[in-house]
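Asks: Handing you a structure now.
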Amino acid sequence: MIQTVEASLEELRSVAETIKRSVPENAVIFLRGDLAAGKTTLAKALAEVLGYKEAVTSPTFSIQQVYGDRLYHYDLYQCPNEKFMAMGLLESLEEPGWHLVEWGDEALRTMLREYGFDTAVVEITQKEDGGRRYRIETDA
């Protein structure tokens, strides 16, 4: 299923609520968009909607951040799929909860789907008025 939502930064919570209603509880969610598109900002909004109060930061250098016991955040910008696998991060995707993956490619999504993971993609594009367009694609 594909949904498209347009929102300003102030309306980001409604985008997160739409994702919460649309994506299964235990899924790998690929956050895609250009640099500075708002992937980590969306991750913050998703954490807030899920009730997490702790700070959400980009895992650019650590590759993985864990918030609470059911929200995981990965940044694969400098981590090719082979390195992701070698680091044992594939096994961490088996933990219950949402796994937000920035910069994950379609090859990784295809592999995860073959392994039986539920996946979703949120493609973020910047609009001329400063808002964003969120294209939400789920497996179901």
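Readers should treat all values here as calculations from the given coordinates under stated rules, not as data from a laboratory. Note that the structure is predicted; figures quoted are calculated from it, not measured. Reconstructed Cβ throughout: ideal geometry from the backbone, glycine too, with neighbour counts over all protein chains shown.
Asks: Set Lys and Arg Cβ to +1 and Asp and Glu Cβ to -1, take the dipole of the chain about its Cα centre, and tell me which of Q3, L90, G51 lies farthest positive.
Replies: Final value for the positive-end residue is G51.
Asks: May I pose another question? Which is the longest part of the chain that has none of the GluC sites (Glu not before Pro) sitting in a DSSP loop with at most 14 other Cβ atoms within 10 Å?
Replies: Values: sites that count: E25, E54, E94, E128.
My reading of the result: 55-93 is the longest stretch.
Asks: Follow-up question, since we're still on this one. Report the charge-dipole magnitude of the chain in Debye, nearest 20, computed about the Cα centre from +1 at each Lys and Arg Cβ and -1 at each Asp and Glu Cβ.
Replies: 220 debye
Asks: For the range 1-63 and the range 100-140, compute the distance between their C-alpha centroids and round to whole Å.
Replies: So the two Cα centres are separated by 11 Å.
Asks: Can you run phi through the Karplus equation (6.51, -1.76, 1.60; θ = phi - 60°) for the range 117-134 and list ³J(HN,Hα) in whole Hz, with x for Gly and Pro?
Replies: Using θ = phi - 60°, the values come out as 6, 6, 10, 8, 10, 10, 9, 10, 10, 7, 9, 4, 7, x, x, 10, 10, 10 Hz.
Asks: Compute the length gained on full extension between L9 and S92: take 0.36 nm times their separation in residues and subtract their Cα-Cα distance, giving the result in nm to one decimal.
Replies: Result for the pair: 26.8 nm of gain on full extension.
Asks: Here's another thing I want to ask about it. Taking chymotrypsin sites (Phe, Trp or Tyr not before Pro) as exposed when DSSP calls them loop (any state but H, G, I, E, B) and at most 16 other Cβ atoms lie within 10 Å, what is the longest stretch of the chain free of them, the sites themselves excluded?
Replies: Numbers: sites that count: Y52, F61, Y77, Y115.
Longest gap between qualifying sites, sites excluded: 1-51.
Asks: I'd like the trypsin sites (Lys or Arg not before Pro) in the range 93-134 restricted to DSSP loop residues with at most 13 other Cβ atoms within 10 Å, sorted by number. Numbers along the way, then the final one.
Replies: Details: sites: R109, R113, K127, R132, R133; in loops: K127.
Answer by residue number: K127.
Asks: Antiparallel versus total DSSP beta bridges in the chain: what percent is that, nearest 5?
Replies: Looking only at bridges with both residues in the chain, the antiparallel portion is about 55 percent.
Asks: Moving on. With the chain treated as a Gaussian network of Cα nodes joined by springs under 10 Å, which of T57, T119, T41 yields the largest mean-square fluctuation?
Replies: Per the Cα network of the chain with a 10 Å cutoff, T57 tops the list.
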